[in-house]
Amino acid sequence: MDGTRESILSEIMGWATNRSGQKGALQSNTYWIYGVPGIGKTSLAHSICDKLDEQMQLIGAFFCQRDDTSSSEPRNILPTLIYKLVEVSPPFRKVVAERLRRTPNLTTESMKDTLFLDFICSLPPHLTEHSLVFVIDALDECGDTQSRPDVLKALTDAAALAPWLKIILTSRPEPISNVSFMVSLARRIHHMIWPPTTKPMMTCEPSPEPSSTWWPRTGTSPCLGQRTRTSTILSLVRTVFSSS
């Protein structure tokens, strides 16, 4: 599987490097990798994060875990993405700071998914010289088939509006039961079945243990800084106002 994994990583990194509108670039800014449980999707997601971080293209990552309160809530995904963008992008930080000054009592529970789109629309279309990528692993372990579509729509809408923003998802084949909703997203999402092989599933590398699913596993990352398990709006407020 090593050769296959390297081939997949090479393809994904090529996709991540291309900006929307560049010759040969995929039309979608969302990349969805799906496959049955236990085949190594989380391990692949870690490898993707490592590669992206080496190239300073990783905004952050959200590793979903059904048995963890904070990482099984879909409403925590967008605040995490906002938090990480605030850390790496001064223009985005300014936009968020202005909004928080107007609505200082904003919380994760009261925040609407459209707020992130408002932030994106307030930014110039060419925010960075290279693409920035946010990775979400095991989307099927976050919420349920009724709660996932809202956050997925917000993410794909944002990636469609911002040529510099790319989203990578991993999940089981059917994390959303609404077929019509998935059809509406078809043109926005580039799909990949993992692993692309006819060999028995037992040959695939198993996923890491739950205790190692937070990225980076140890130490700090030059792109992300210290990893925290929960990104709250309150910590976001402190970061924004201390930095602006």
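Odds and ends about this structure:
- Where a residue in the range 49-65 is in contact (Cβ under 8 Å) with a residue 12 or more places away in the chain and its partner, wherever it lies, is in a strand (DSSP E or B) and among the polar types (S, T, N, Q), with Cβ under 7 Å and at least six apart: ASP53/SER221
- Just one of the listed residues (GLY21, GLY38, GLY14) is modelled with pLDDT under 85 and over 21 Å from PHE62 (Cβ atoms), and it is GLY21.
- Residue identified as at pLDDT below 90 and either of a type in the set (Gly, Ala, Ser) or under 17 Å from ALA61 (Cα atoms) (or both) among VAL151, VAL135: VAL151
- Total residues in the range 52-87, condition among the charged types (D, E, K, R), in contact with a Ser or Thr (Cβ under 9 Å, 6 or more places away or on another chain) and assigned to a helix (DSSP H, G or I): 4
- Candidate set: the range 104-146, residues that are touching a helix residue (DSSP H, G or I) at 6+ places or on another chain (Cβ under 8 Å) and of a type in the set (Ser, Thr, Tyr); chosen: the one farthest from ASP67 (Cα to Cα): SER122
The values are calculated or read from the model by the stated rules, or taken from the named source; none is laboratory data. What you see is a predicted model; the values in this text were computed from it and never measured. Neighbour counts run over all protein chains shown; Cβ positions are idealised from the backbone, glycine included.
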